[in-house]
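Undergrad: Below you'll find the structure I mean.
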Amino acid sequence: MMNQKAKKVLRGTFHMYLIWTIWYLGFCLLAIFGVAVFAANPNGEWEWSLLQGAMQANRIYMLVLGILSMGGLLTYYVSNGITRRDYFSGVAAAAMLLSVFLVIVTGLLHGAERMLFGWGLSEESLGLTFVMAFFQLIVFYFVGWLISAGFYLFHWLIGLAFIGIGIVIISIFDYVWGHIGQQQFDFLPVTDISPAVGIVISLLLSLGLISVMRSLTKRAVVKP
């Protein structure tokens, strides 16, 4: 259970993220519609769905938020009497809550797309896609947080190594999800990994990242 200080961090961080996300969603929708117009075929039909565009944009957005979760945010909370443990718990919980929010918004966009234009995912793949989307947002956020921690806590050369680790983690995630994700390991054969295996590996990646970040933030030296 989270204590009161961790809950305070959760509320403050999520409120900040929510404000940023409202602005992000506005610009994101404009960008997606703009790309869709240019991607339309000669018959005027879109070749790129709102769902696809939103999922691509969301993962980059969460990566950026993760990068911003170290440094100034850590200094602000610790300087205001928040322990590193409460900082980590509150920020991690805010990231998960925001991931749920973005998946819901993406689902609403997909529903609107199906109502207005009559295309979208089949009922069989819809639930699995949103499960994948949730884990994807968590993984991208914590990878961004991991990279930021690498540069914040160590020499910049070690920070570059953290970028490499992050790329490998994301590539593993995308490879596991195959055509639903964004295939990165092109040199590996295309395999049909079952959804259950994909969920288990995604859960292990998420828990591994959470554990590593808890360890890194546990004794982080706050810089002025």
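Undergrad: Among 63-75, 199-211, 133-145, how do they line up from the highest to the lowest mean number of other beta-carbon atoms within 10 Å?
TA: Per-residue mean Cβ counts within 10 Å order the peptides as 133-145, 63-75, 199-211.
Undergrad: Now, a different point. Could you please put Phe130, Phe173 in sequence from largest to smallest accessible area, using a 1.4 Å probe?
TA: Numbers: Phe130 40, Phe173 0 Å².
So the residues, ranked largest to smallest area, are Phe130, Phe173.
Undergrad: With r as the distance between the Cβ atoms of Ala112 and Gln4 and R0 = 41 Å, compute the FRET efficiency 1/(1 + (r/R0)^6) and round to 0.05.
TA: That gives a FRET efficiency of 0.55.
Undergrad: Per residue of the stretch 154-166, what does 6.51 cos²θ - 1.76 cosθ + 1.60 with θ = phi - 60° give for ³J(HN,Hα)? Whole Hz please, x for Gly and Pro, Karplus curve as stated.
TA: Computed from phi, the couplings for the stretch 154-166 are 10, 5, 4, 5, 5, x, 5, 5, 5, 4, x, 4, x Hz.
The values are calculated or read from the model by the stated rules, or taken from the named source; none is laboratory data. Source: prediction; values computed, not measured. In this analysis, Cβ positions are derived from the backbone assuming ideal geometry, glycine residues included, and neighbour counts consider all displayed protein chains. The area values use the complete protein model at the heavy-atom level, side chains included, leaving out ligands, DNA and RNA. Shrake-Rupley method; radii C 1.70, N 1.55, O 1.52, S 1.80 Å.
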